[in-house]
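The structure appears right after this line, and notes come after that.
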Amino acid sequence: MPTLNWIGKEKVVNHHLEVPYRVLEHRYGHRAGNTDDTSFAGSGNMIIHGDNLEALKALLPEYEGRVKCIYIDPPYNTGNEGWVYNDNVNHPKLRKWLGDVVGKQDEDFTRHDKWLCMMYPRLRLLQRLLADDGAIFISIDDNEQAHLKMVCDEIFGARNFIGNIMWQKRTSPDARLFLGPAHDFVLVYAKNEENARKTFHKLPYSSERTKSYKNPDNDPRGDWASVDLTGQTGHATENQYYGVPSPNGDLIYPPKGRCWALAENTFLELIADNRIWFGTDGNSRPRQKKFLSEMEGVMPWTWWTNNEVGHNQEATKELAQILDVHGAFETPKPTRLIERILQIASDKNSIILDSFAGSGTTAHAVLNLNKRDGGNRKFILVEMEDYADSITAERVRRVMNGYADTEGTGGSFDFYELGETLFNADGTLNEAVGEDRIRQYVYYTETKRHLSRQRESRNRYLLDTCNGVGYYLFYEPGRETAFTYDRLGIIGEKAESYVVYADTCTIDKDYLSGKNIIFRKIPRDIQKF
């Protein structure tokens, strides 16, 4: 498979592994209808202020493999966004880029390299966060679409490419340009294409489409539309040429050069079930009735018009109505666009992630859809800019509480900042993050699962048992722990084998092997004890 190379690629392909784990520090909670209560809301909805690369790494212990749908709207790299490459990659070639605004095509010849270096490690972490049946939707335009497609083929696998949606972002041509762009792209990839397609949903019929459904014969099954029952004769068999008995008693044959699309016995079964329409006169060419109540919806395709999902101007007006913000975002996305994505790729209890959150449109779409269908979807937003609270979170607050003449959706969320790293610069454990976070991290590194089991006083060092293995963290803040023969009793739940973390171990290796126990050293500086 062809791959894309650029300046700095070899330095960033594994940079996501070097990014430090940071803890998330809770700042406040918000509840619709009770804005005075800023305690932890615990709804599962999160807004995180901080660098999205570090935030994505911080989400791994709890959310790896659990996110059903990801939508991101990264910088298009037009030269007008004013974005800066600031990833702390320890290499002179990349460090010289730090702090400089990425320029336009004719003034910054490494602009594409910088963009790709920024995107690559983030996409690697997003791929890990996706559920096995999950999908990612990425907004982009012509500046980086071709590059992004090749990078995603490399990270997600070309076989997991779902499609490239063209979204009509404008309502009329840009008179300033000779060939004005009418559309943006939304690239779609899956964690596992086969699994994702099985869980994708058809779209509900639009009001325009359902206008053709009527009920002229007062069928108790409701409104219906009819479809032609003739076919081309090229591959027809003899049993597709027969007379169909009409309500008036006449036999109706297919027109010259055509045949019936159904076998005769199937046709007769449909007539008996009142699923064939012979017209108001009862003697017209038969057509099959398709009931609106039985239709599953419309298969989505890759052309989305602005009538269906909105356009940039609509998004700008929408944001101004909610927050009275004008011109703060160059290419805002309409809520209807994200709602369409969620209708296709999420279920009522899905986790939705947006790591380039901007004004918070994704959370707005999640809340709208939950209100409409009674769902319990959860959103996780990440925004690195200082407006994460004043714009991103404020929009979500107003959507929940209600704004202008729009009724609130209800709901709650928690706002976080990126906190300390789990490890110090010398690789030792940063005990300041607290024992609960250390326990969660250790269990995640061993199992790649979130530690949800509550700690028990009688078995306080047990993390949990997973796939027949019991995991124990013999840890005491500020005090060295030694796994000795006398402390074998800390293993309090029977399992097939055990992994025990402690500062030191004095038990003979052969004895440990005989008891199916693996010892691991806690990475902290015991010299200070």
Q) Residues D223, D273: which one is within 44 Å of the chain's Cα centre (by Cα), at pLDDT 95 or above and of a type in the set (D, E)? A) D273
Q) Looking at region 296-327, which of the residues that are loosely packed, with under 15 Cβ neighbours inside 10 Å and of a type in the set (A, V, I, L, M) is nearest to N401 (Cα to Cα)? A) A320
Q) Out of (1) more than 27 Å from V433 (Cβ to Cβ); (2) open to solvent by 40 Å² or more (accessible area, probe 1.4 Å), what's the single condition that is false for S497? A) (2)
Q: Name the residue, out of L60, L94, L56, that is aliphatic (A, V, I, L, M), over 29 Å from the mean Cα position of the chain (by Cα) and under 30 Å from T445 (Cβ atoms).
A: L94
Q | Candidate set: region 201-216, residues that are open to solvent by less than 50 Å² (accessible area, probe 1.4 Å) and outside any helix (DSSP H, G or I); chosen: the one farthest from V309 (Cα to Cα) | A | N215
Q. Open to solvent by less than 40 Å² (accessible area, probe 1.4 Å) and in a strand (DSSP E or B): does that describe V382?
A. yes
(Q) Among (1) under 19 Å from G33 (Cβ atoms); (2) among the acidic types (D, E); (3) out of contact with any helix residue (DSSP H, G or I) (no Cβ under 9 Å at 6 or more places or on another chain), there is one condition D386 misses while meeting the rest; what is its number? (A) (1)
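One line per residue, one yes/no per condition, for (1) under 34 Å from the mean Cα position of the chain (by Cα); (2) open to solvent by 70 Å² or more (accessible area, probe 1.4 Å); (3) at pLDDT below 95:
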residue	(1), (2), (3)
S457	no, yes, yes
T465	yes, no, no
P477	no, yes, yes
K515	no, yes, no
Q: Output the residues belonging to region 312-336 that are assigned to a loop (DSSP other than H, G, I, E, B) and in contact with a strand residue (DSSP E or B) (Cβ under 7 Å, 6 or more places away or on another chain).
A: K333
Q. Is region 159-178 home to any residue that is assigned to a helix (DSSP H, G or I) and exposed (fewer than 14 other Cβ atoms within 10 Å of the Cβ)?
A. yes
Q: State the number of residues belonging to region 51-61 that are out of contact with any Phe, Trp or Tyr (no Cβ under 8 Å at 6 or more places or on another chain) and more than 15 Å from L126 (Cβ to Cβ).
A: 0
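Identify the residue in region 392-405 that is open to solvent by 10 Å² or more (accessible area, probe 1.4 Å) and touching a helix residue (DSSP H, G or I) at 6+ places or on another chain (Cβ under 8 Å) and, among all such residues, is farthest from M46 (Cα to Cα). Reasoning before the result, please.
As a first pass, look at region 392-405 and keep what is open to solvent by 10 Å² or more (accessible area, probe 1.4 Å): 394, 397-398, 401-405.
Subsequent filtering for residues that are touching a helix residue (DSSP H, G or I) at 6+ places or on another chain (Cβ under 8 Å) retains 394, 398, 403-404.
On the way: E394: 13, R398: 16, Y403: 21, A404: 25 Å.
Applying the filter and picking the extreme gives A404.
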Q: Go through (1) open to solvent by 50 Å² or more (accessible area, probe 1.4 Å); (2) of a type outside the set (G, A, S); (3) modelled with pLDDT of 95 or more and name the single condition K528 misses.
A: (3)
(Q) Suppose we filter region 179-200 for residues that are of a type in the set (S, T, Y) and part of a helix (DSSP H, G or I); how many remain? (A) 1
(Q) in contact with a Gly (Cβ under 7 Å, 6 or more places away or on another chain), modelled with pLDDT of 95 or more, surrounded by 20 or more Cβ atoms within 10 Å (Cβ to Cβ) and over 28 Å from P181 (Cβ atoms): is that true of L337 in this structure? (A) no
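Can you confirm whether F356 is in a loop (DSSP other than H, G, I, E, B), at pLDDT 95 or above, buried (at least 17 other Cβ atoms within 10 Å of the Cβ) and of a type in the set (F, W, Y)?
For F356, the condition - in a loop (DSSP other than H, G, I, E, B), at pLDDT 95 or above, buried (at least 17 other Cβ atoms within 10 Å of the Cβ) and of a type in the set (F, W, Y) - is met.
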Q) Quick one: R124 ticks every box in (1) among the charged types (D, E, K, R); (2) open to solvent by less than 10 Å² (accessible area, probe 1.4 Å); (3) under 23 Å from E54 (Cβ atoms) bar one, so which box is it? A) (2)
Q: Please enumerate the residues belonging to region 217-249 that are open to solvent by 50 Å² or more (accessible area, probe 1.4 Å) and on the phi > 0 side of the Ramachandran plot.
A: N218, G249
Q: Being among the hydroxyl-bearing types (S, T, Y), over 30 Å from T35 (Cβ atoms) and within 29 Å of the chain's Cα centre (by Cα) is the filter; apply it to region 412-446 and report the residue that is surrounded by the fewest Cβ atoms within 10 Å (Cβ to Cβ).
A: T445
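The values are calculated or read from the model by the stated rules, or taken from the named source; none is laboratory data. These numbers come from a predicted model, not from an experiment. A quick note on method: Cβ atoms are made from the backbone with ideal geometry, for glycine too, and the neighbour counts reach across all protein chains shown. Surface areas here come from the heavy atoms of the whole protein model, side chains and all, with no ligands, DNA or RNA. Shrake-Rupley method; radii C 1.70, N 1.55, O 1.52, S 1.80 Å.
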